[in-house]
Amino acid sequence: MGTGTYVSARLETQTRRIKDEPVRTAVKKDDKSYKYYAGPVKLYAKGYCVKYWGVIKPNGHDPQAATGGRNVWGNCG
């Protein structure tokens with residue numbers, strides 16, 4: 001069986017509701033303890049740039065065991 005591990009998955013995308021409206025951002029995140037994996041985290045991003053990030057902490061409060069992603073806008077289109 002085992003215990004859960006704190007896992008966080010975050011996705012941020014640019015968004016614009018009206019053509020001449022300034023670009024905004026939308027964020028979806030899933031962060032809690034899981035035995036297997038977090039997510040999926042989904043946002044519509046066709047034609048926009050995204051940022052994404054993930055974190056794993058073995059006991060929820062320990063230093064991060066793994067972290068990574070894109071913290072600047074990219075993967076545009």
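A few points about this structure:
- Among Leu11, Ile56, Tyr44 - extreme Cα towards positive end, dipole of the chain, charges at beta-carbon: Tyr44
- Restricting region 12-45 to chymotrypsin sites (Phe, Trp or Tyr not before Pro) that sit in a DSSP loop and have at most 12 other Cβ atoms within 10 Å of their own Cβ leaves Tyr36, Tyr37, Tyr44.
- Cβ-placed point charges (K, R +1; D, E -1), dipole of the chain about Cα centre in debye, nearest 20: 240 debye
- Fraction of beta bridges assigned by DSSP in the chain that are antiparallel (%, nearest 5): 100 percent
- Take the chain with all the other protein chains still there, run a 1.4 Å probe, and you get 75 Å² of accessible area per residue.
- Loop-located trypsin sites (Lys or Arg not before Pro) in region 1-47 (DSSP state other than H, G, I, E, B) with a sparse environment of at most 12 neighbouring Cβ atoms within 10 Å: Arg16, Arg17, Lys19, Lys35, Lys42, Lys46.
- Pairwise Cα distances in the chain exceed 14 Å in 64 percent of cases.
- Carbon plus sulfur fraction of accessible area for region 5-77, probe 1.4 Å, in percent: 50 percent
- Label-point separation, Lys46 to Asp31 (7 Å along Cα→Cβ), nm: 3.1 nm
The values are calculated or read from the model by the stated rules, or taken from the named source; none is laboratory data. Quantities reported herein were computed from a predicted structural model and do not represent experimental measurements. Positions of Cβ are backbone-derived with ideal geometry, glycine not excepted, and every protein chain shown enters the neighbour counts. Only protein heavy atoms, including side chains, enter the accessible area calculation; ligands, DNA and RNA are left aside. Shrake-Rupley method; radii C 1.70, N 1.55, O 1.52, S 1.80 Å.
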